[in-house]
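Engineer: What follows is a single structure, and I will ask about it in a moment.
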């Protein structure tokens, strides 16, 4: 490896390990979410292997961070809230209104929930979930304010987010005149 390649590999590996630990994920958990083997992830974290761009992107997506934050060695912890604004998704908005809210299978790590939040109402502060828990939320109507730890984001109809909820968190409808409709998938770590 060239000196530059070695430096980038070491920096990426350190950032990967820092982000993985900040997310409360084991090597196995990250492997399951990314499709990259735990031995390869370990090799990357130690700087023993130089990851491909596709590998970095898959790992970053599984961690809820940008690929550039891994390559640049992002010094701080990963943001707990990752927002995708309406129309920003690949392929844009889905042309037909459809919903799939099937029941979770016994032993599933996933729950699917729909919330109707009255005007100017909070669902209340929820306690921290176990490390590795992620809540994926879609705002179908209205506006919501999501607070996770010390981070806060405002979202409007059509926006979605993924939040690491291993800290206290809250969802509220700040609009005094309209109900908010939220679909949430709780993915336990």
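Engineer: Given (1) modelled with pLDDT under 90; (2) under 23 Å from residue 137 (Cβ atoms); (3) in a helix (DSSP H, G or I), where does residue 25 come up short, assuming only one miss?
Structural biologist: Of (1) modelled with pLDDT under 90; (2) under 23 Å from residue 137 (Cβ atoms); (3) in a helix (DSSP H, G or I), only one is false for residue 25: (3).
Engineer: Turning to a different aspect of this structure: Do we find that residue 45 is under 16 Å from residue 189 (Cα atoms) and in a helix (DSSP H, G or I) in this structure?
Structural biologist: No; evaluated as a whole, the condition is false for this residue.
Table: residues versus (1) touching a strand residue (DSSP E or B) at 6+ places or on another chain (Cβ under 8 Å); (2) modelled with pLDDT of 75 or more; (3) not in a loop (DSSP other than H, G, I, E, B).
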site	(1), (2), (3)
18	no, yes, yes
31	no, yes, yes
69	no, yes, yes
78	yes, no, no
82	yes, no, yes
94	no, no, no
100	no, no, no
106	no, no, no
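Engineer: Out of 124, 132, which single residue is at positive phi and in contact (Cβ under 8 Å) with a residue 60 or more places away in the chain?
Structural biologist: Being at positive phi and in contact (Cβ under 8 Å) with a residue 60 or more places away in the chain holds for just one of 124, 132, which is 132.
The values are calculated or read from the model by the stated rules, or taken from the named source; none is laboratory data. Quick caveat: nothing in here was measured; it's all calculated off a predicted structure. Heads up, the Cβs are rebuilt from the backbone with ideal geometry, glycines too, and the neighbour counts pull from every protein chain shown.
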